[in-house]
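The values are calculated or read from the model by the stated rules, or taken from the named source; none is laboratory data. It should be emphasised that the depicted structure is a prediction, and the values quoted were computed from it without experimental measurement. Cβ coordinates were reconstructed from backbone atoms using ideal geometry, including for glycine residues, and neighbour counts include every protein chain displayed.
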């Protein structure tokens, strides 16, 4: 497994990162251990969690994923595993996060509490990469960065980054870091896939020029790019099947963003390209994501060992120019097939 440096940090991680948001709910602990063991055995040393996981977030399951990951980490030498996690941040009108009674502003008090709780659940004395899950644009960036910088100095976190951040927010944070002599966001974890390519616009420019690493999540677009939702199918056990049938208003809106006529048409066309290349669409999607120069590590999720195996086939795969051109032609024909990505609400 090839490795890349994250931002300007000392963190050098595998090109593929193991996402854990299904662990402790959709995947029980035994299955979660098998998936993480399989990832570890195939060279993945980077594991991404969040205090709010598993998804969908519920008060009764809050923090369970970190606990599962923490128990698994006890089976491995600590220095061979780089663990990332996140503080929730505001819900921005989408939902009230089931964390600290909904008090998720990114002030010193909440950040400090969240770090201590994550350290306890993960059963470790340091977190390799600590991220803000959603930005708090009501706070001054220098106040957030000051607290995170102090946590680095205390040895509780090694580096920090952000997630679901806008290009403006990332640049504003970098400006605050420069002006006030503080640590900076070294990574940005945003939704990026074959059918949601917005990161290739302004955010990619920020990442390249400022040496910030993108950590793409949902390279399979929430499972849409597996093709399982084609032909108006909502298979049992699938995330958006549950959201469509029993979800709240936010979850139903999210389902429409991911699954719509344009995203399904793009998926069908991409599936044909993958077939011509002798690949599964899962493998092609993972390979496409990690082939970008501004990407640090692509976060893949799995609810079975077999799902992970398909993503791992992208480990040494480089898509050729013809395949990339055909992929780009779909984006030209069906731009922004994903629909609204949520960041415009910030």
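For this structure, a couple of remarks:
- Filter result for residue 279 (out of contact with any helix residue (DSSP H, G or I) (no Cβ under 7 Å at 6 or more places or on another chain), buried (at least 17 other Cβ atoms within 10 Å of the Cβ), assigned to a loop (DSSP other than H, G, I, E, B) and free of Cβ contacts under 8 Å to residues at least 60 places away in the same chain): yes
- For the range 98-129, the set of residues classified as outside any helix (DSSP H, G or I) and free of Cβ contacts under 8 Å to residues at least 60 places away in the same chain consists of 98, 99, 103, 104, 105, 106, 107, 123, 124, 125, 126, 127, listed by residue number.
- Residue tally, condition touching a residue at least 12 places away in the same chain (Cβ under 8 Å), outside any loop (DSSP other than H, G, I, E, B), out of contact with any helix residue (DSSP H, G or I) (no Cβ under 6 Å at 6 or more places or on another chain) and closer than 23 Å to residue 208 by Cα, over the range 296-323: 1
Condition check ((1) closer than 24 Å to residue 343 by Cα; (2) surrounded by 24 or more Cβ atoms within 10 Å (Cβ to Cβ)) across all residues:
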position	(1), (2)
168	yes, no
177	yes, no
181	no, no
219	yes, yes
238	no, no
241	yes, no
246	no, no
251	yes, no
273	no, no
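- The residues of the range 1-46 that are assigned to a strand (DSSP E or B) and surrounded by fewer than 17 Cβ atoms within 10 Å (Cβ to Cβ), listed by number, are 3, 4, 5, 12.
- Residue among 152, 188 that is buried (at least 16 other Cβ atoms within 10 Å of the Cβ), under 16 Å from the mean Cα position of the chain (by Cα), free of Cβ contacts under 8 Å to residues at least 60 places away in the same chain and within 16 Å of residue 86 (Cα to Cα): 188
- When the helices (runs of 4 or more DSSP H) confined to the range 184-265 are screened for residues that are at pLDDT 95 or above, those reaching at least 2 such residues are found at 202-210.
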